[in-house]
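Take a look at the structure below.
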Amino acid sequence: MNPMYHQAKFINSAPRLQDAPPDQGMEIAFAGRSNAGKSSAINTLVQQNALARVSKTPGRTQLLNFFEIDAQRKLVDLPGYGYAKVPVAVKRDWQKMMENYLKNRKALCGIVLVMDIRHPMTEFDWQMVEWCEHTGQPLHILLTKADKLKFGAAKNTLLAVQRELSQASIVVTLQLFSALNKTGIEDIHQLLDEWFGFNAAEQPA
């Protein structure tokens, strides 16, 4: 595992794209429904308990949250989509902000789409796949909460989602993940290393 991720630090919460840090370097964005375990996944892969805000109330991530790995690399926690009990107008603002970020952020170099393994490939998830098809943005899927299913059932869901995604016009990679059991951390680190262009020489001993 790459220890560079363990030094991640929060730098900014932006209600609008113009409030975000300068558009430079590389950013990997984490997207997903508001109850998919997105913040827990980020905290697990950086080995910090409270870097990304975790709440028992879905939909608390209402801003673009930026976490710096180093001067050139950031993780971005996008607003959770779905169950948040907020007015329709507010949800519309979130959606507009996300679309603005996804369309216009030059630093964006890949998207990690987080799905609850028990409820994969919702309408929102397909929208993200289609957006990545349209832009050619790399896409990786984390099937989170894999500990909620027996291994055989989790593997079957992974294969079923793989089959469903075979109709997409881009290559989508995916994996099982559990923040509780720490399953899949090495896999996601390897992917982030590839997208961020980390090499062995850059990683601390």
Only listed residue being touching an Asp or Glu at 6+ places or on another chain (Cβ under 9 Å) and part of a loop (DSSP other than H, G, I, E, B), chosen from A168, A154:
A168
Every residue from the stretch 175-193 that is open to solvent by less than 10 Å² (accessible area, probe 1.4 Å) and assigned to a loop (DSSP other than H, G, I, E, B)
F177
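Scan the stretch 104-123 for residues that are farther than 16 Å from T144 by Cα and either aliphatic (A, V, I, L, M) or at pLDDT below 90 (or both) and report the count. Give the steps one after another, and end with the answer.
To start, the set of residues in the stretch 104-123 that are farther than 16 Å from T144 by Cα comprises 104-110, 123.
Add one more test, that the residue is either aliphatic (A, V, I, L, M) or at pLDDT below 90 (or both), and what stays is 107-108, 123.
Here the count works out to 3.
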Residue, nearest to A36 (Cα to Cα), within the stretch 91-114, restricted to residues that are in contact with a Pro (Cβ under 9 Å, 6 or more places away or on another chain), open to solvent by less than 20 Å² (accessible area, probe 1.4 Å) and assigned to a strand (DSSP E or B):
I111
If you go through the stretch 134-148 one residue at a time, how many are modelled with pLDDT of 95 or more and surrounded by fewer than 18 Cβ atoms within 10 Å (Cβ to Cβ)?
2
So for the stretch 73-81 (the condition being more than 16 Å from the chain's Cα centre (by Cα), modelled with pLDDT of 90 or more and open to solvent by less than 40 Å² (accessible area, probe 1.4 Å)), does at least one residue qualify?
no
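Determine which member of the set A36, A29, A41, A20 is over 19 Å from L139 (Cα atoms) and surrounded by 13 or more Cβ atoms within 10 Å (Cβ to Cβ).
After applying the criteria, what remains is A20.
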Enumeration of residues in the stretch 1-41 that are hydrophobic (A, V, I, L, M, F, W, C), under 17 Å from A107 (Cα atoms) and in a loop (DSSP other than H, G, I, E, B):
A20
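Name the one entry in D125, D193, D187 that is over 18 Å from N35 (Cα atoms) and touching a residue at least 24 places away in the same chain (Cβ under 8 Å). Talk me through it step by step, then tell me what you get.
Values: D125 fails: over 18 Å from N35 (Cα atoms); D187 fails: touching a residue at least 24 places away in the same chain (Cβ under 8 Å).
It is D193.
The values are calculated or read from the model by the stated rules, or taken from the named source; none is laboratory data. The structure displayed is predicted, hence computed values, not measured ones. Reconstructed Cβ throughout: ideal geometry from the backbone, glycine too, with neighbour counts over all protein chains shown. What goes into the accessible areas is simple: the full protein's heavy atoms, side chains included, and nothing from ligands, DNA or RNA. Shrake-Rupley method; radii C 1.70, N 1.55, O 1.52, S 1.80 Å.
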